[in-house]
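Trainee: After the structure tokens below, expect a handful of questions from me.
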Amino acid sequence: MDRERKIATYERVQQEIEATLEGETDLLAAMATVVCLLHHAFDTYFWTGFYRRVGPERLLIGPYQGTLGCLHITFDRGVCGACARDRQTVIVPDVHQFPGHIACDPNSKSEIVVPVFDRAGQLIAVFDVDSDQYNSFDEVDQRYLEQIMALLTRFDPAPIIWTPTAH
Ligand code: SME
């Protein structure tokens, strides 16, 4: 997909997400909505989903679409772990070159993982997109996915994730 079309698609999907989530207060419903609308907007989105933070350094599968994803990821493993640890978006053009990449599906070739924060700045999840083509993700994906994940900061994460204050 060329750059202009990618930008136009993200603009449209972001508007759809904002409109669909207007008045919604449930984080799980919001995550499922984000996954669905993004997954079906791009051919390159082969696996699309959230890993929720369920412990100080533990992630557990959340809403997703695509082939079977692994259930548990610790912060010391994979691209998702690196994103959670560093609290920064990670773009991997070729997963075979990323030490420790977790190959849930052998067809996965490139990926982007974006951190998700609550309004207190706590990491509550990561958003993982895998592509079955190399070099699928760039700074356009990063910009829009970070904007879309910022829409989730207004939700109360307590019912579905771990928070330091709740334990
Ligand atoms: N690619 C991830 C693992 C999760 S899946 O691909 C669904 C990683 O290495 O963190």
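The values are calculated or read from the model by the stated rules, or taken from the named source; none is laboratory data. Note that the structure is predicted; figures quoted are calculated from it, not measured. Cβ placement follows ideal geometry from the backbone for every residue including glycine, while neighbour counts extend to all protein chains displayed. Heavy atoms of the whole protein, side chains included, go into the accessibility calculation; ligands, DNA and RNA do not. Shrake-Rupley method; radii C 1.70, N 1.55, O 1.52, S 1.80 Å.
Trainee: Restricting to the range 26-58, what's the tally of residues that are open to solvent by less than 40 Å² (accessible area, probe 1.4 Å), of a type in the set (Phe, Trp, Tyr) and not in a strand (DSSP E or B)?
Mentor: Qualifying residue count for the region: 2.
Trainee: Kindly indicate whether Glu4 is open to solvent by 60 Å² or more (accessible area, probe 1.4 Å), away from the ligand (no atom under 11 Å from the Cβ) and in contact (Cβ under 8 Å) with a residue 24 or more places away in the chain. Spell out the reasoning first.
Mentor: On the way: open to solvent by 60 Å² or more (accessible area, probe 1.4 Å): yes; away from the ligand (no atom under 11 Å from the Cβ): yes; in contact (Cβ under 8 Å) with a residue 24 or more places away in the chain: no.
No, not satisfied.
Condition check ((1) over 23 Å from Ile124 (Cα atoms); (2) among the β-branched types (Val, Ile, Thr)) across all residues:
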| residue | (1), (2) |
| --- | --- |
| Ile7 | yes, yes |
| Arg12 | yes, no |
| Glu22 | no, no |
| Ala29 | no, no |
| Thr44 | yes, yes |
| Gly49 | no, no |
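Trainee: May I pose another question? Is it fair to say Ala120 is open to solvent by 10 Å² or more (accessible area, probe 1.4 Å) and farther than 14 Å from Arg53 by Cβ?
Mentor: Answer is no for this residue.
Trainee: Return a yes/no flag: does the range 125-144 have any residue that is outside any strand (DSSP E or B), modelled with pLDDT under 95 and open to solvent by less than 10 Å² (accessible area, probe 1.4 Å).
Mentor: Looking through the range 125-144, none of the residues is outside any strand (DSSP E or B), modelled with pLDDT under 95 and open to solvent by less than 10 Å² (accessible area, probe 1.4 Å).
Trainee: Oh, and also: Which residue pairs have Cβ atoms closer than 7 Å, lie 6 or more positions apart in sequence or on different chains, and pair a first residue in the range 71-96 that is of a type outside the set (Val, Ile, Thr) with a second residue that is assigned to a loop (DSSP other than H, G, I, E, B) and within 9 Å of the ligand (Cβ to nearest atom)?
Mentor: Going by the 7 Å Cβ cut-off, the qualifying pairs are Arg77/Gly100; Arg77/Ile102; Gly78/Gly100; Gly78/His101; Gly78/Ile102.
Trainee: Could you tell me how many of the residues in the range 59-106 are assigned to a loop (DSSP other than H, G, I, E, B), touching a helix residue (DSSP H, G or I) at 6+ places or on another chain (Cβ under 9 Å), small (Gly, Ala, Ser) and at negative phi?
Mentor: Residues in the range 59-106 being assigned to a loop (DSSP other than H, G, I, E, B), touching a helix residue (DSSP H, G or I) at 6+ places or on another chain (Cβ under 9 Å), small (Gly, Ala, Ser) and at negative phi: 1 in total.
Trainee: Do the conditions hold for Thr20, that is, is it among the β-branched types (Val, Ile, Thr) and under 20 Å from Asp130 (Cβ atoms)?
Mentor: Criteria not met by Thr20.
Trainee: Mind checking which residues of the range 34-68 are away from the ligand (no atom under 14 Å from the Cβ) and aromatic (Phe, Trp, Tyr)?
Mentor: Phe42
Trainee: I would also like to ask the following. Being near the ligand (Cβ under 7 Å from one of its atoms), acidic (Asp, Glu) and more than 14 Å from the chain's Cα centre (by Cα) is the filter here; which residues of the range 69-124 pass it?
Mentor: Listed by number, the list holds a single entry, Asp105.
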